[in-house]
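Input: a single structure, listed below in structure tokens.
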Amino acid sequence: MNQIDQFNKDIYKCIQEHRTEYPDPIDLTKGEVVKVGSNAPEENWKTWIWVSKKNGKGGWVPEQLIQLIESQDEEKKGLILREYSAKELNADVGAKLEKVKSMNGWTWVRNVNTNQEGWIPDEKIMRIDGR
């Protein structure tokens with residue numbers, strides 16, 4: 001990466017180790033219909049909703065990616081509005097991370113040394129690029 005490219009990136013460092021509690025994350029495609037469960041119980045995660053795919057696999061999804069739809073049965077159903085992966089990035093303290101996008105208290109990052117990508121909670125990272 002040249003110096004000009006580096007100045008256009010949001011660079012963070014991991015300030016608290018992060019290990020995923022969900023090693024088999026849910027992946028969703030735009031237009032997919034899911035069963036909609038409840039919102040996260042923690043006050044600062046209320047904008048995350050548990051959803052389940054037809055195969056029963058579940059995961060947390062940002063509420064703005066789900067459009068509730070009419071259902072013939074009693075289950076709440078939702079339409080996924082854009083592609084989404086719940087993959088979290090395991091990171092050690094001091095890891096350099098490039099921000100890709102942020103949503104609902106989490107940031108999708110790329111580890112600049114390993115090129116691995118995934119979500120990490122905002123409270124576990126700190127911006128270091130000086131902007």
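Only the coordinates and a few stated rules stand behind these numbers; no lab work does. None of the values given here were measured: they were computed from a predicted structure. Reconstructed Cβ throughout: ideal geometry from the backbone, glycine too, with neighbour counts over all protein chains shown.
Per-residue HN-Hα couplings for segment 17-29, Karplus 6.51 cos²θ - 1.76 cosθ + 1.60 at θ = phi - 60°, whole Hz, x for Gly and Pro?
Per residue, the Karplus-derived 3J(HN,Hα) values read 3, 10, 10, 5, 9, 10, x, 10, x, 7, 10, 10, 10 Hz.
Compare the Cα positions of GLY118, SER38, ILE49 along the charge dipole of the chain (+1 at Cβ of Lys, Arg; -1 at Cβ of Asp, Glu; about the Cα centre) and return the one farthest towards the positive end.
GLY118
Grab the Cα-Cα distance for MET126 and ARG19, subtract it from 0.36 nm times how many residues apart they are, and report the gain in nm with one decimal.
Extra length available between MET126 and ARG19 comes to 36.8 nm.
How big is the dipole moment of segment 27-85 about its Cα centre under a simple scheme where the beta carbon of each Lys and Arg is +1, that of each Asp and Glu is -1, and everything else is neutral? Debye, nearest 20, please.
Magnitude of the dipole: close to 180 debye.
Could you tell me which label, among [x] 1.18; [y] 0.97; [z] 1.52, carries the value of Cα Rg over 2.2 N^0.38 Å calculated for this structure?
Identified label for the calculated read-out: [x].
For ALA95, list long-range residues whose amide hydrogen, built 1.01 Å from N in the peptide plane, is under 5 Å from its own amide hydrogen.
Here CYS14 satisfy the definition.
Dipole of the chain, Cα-centred, from +1 at each Lys and Arg C-beta and -1 at each Asp and Glu C-beta, to the nearest 20 debye?
Its charge dipole is roughly 320 debye.
Could you compute the longest span of the chain free of GluC sites (Glu not before Pro) located in DSSP loops and having at most 14 other Cβ atoms within 10 Å, not counting the site residues?
Within the chain, the longest run free of exposed GluC sites (Glu not before Pro) spans 84-131.
Label points 7 Å out from Cα along the Cβ direction at VAL100 and SER52: separation in nm?
Those two pseudo-labels are separated by 2.8 nm.
Based on DSSP H runs of at least 4 residues, each adding -39500 (n - 2.57), what is the mean residue ellipticity at 222 nm of the chain after dividing by all its residues, to the nearest 500 deg cm²/dmol?
-500 deg cm²/dmol
Under a 5 Å amide H to amide H cut-off, with H placed in plane at 1.01 Å, what residues pair with THR107 once short-range neighbours are removed?
The list, which skips near neighbours in sequence, is ILE120, ASP122.
Regarding segment 27-85, what is the average projected area of its C-alpha convex hull, in nm²?
Computing the convex hull of the Cα atoms and averaging its projections yields 4.0 nm².
Provide the percentage of antiparallel DSSP beta bridges, counting only those with both residues in the chain; round to the nearest 5.
Around 95 percent antiparallel, to the nearest 5.
Which pairs break 30 Å Cα to Cα here: LYS46/LYS87; LYS35/LYS87; LYS76/LYS99; LYS76/LYS101; LYS13/LYS46; LYS30/LYS99?
LYS76/LYS99
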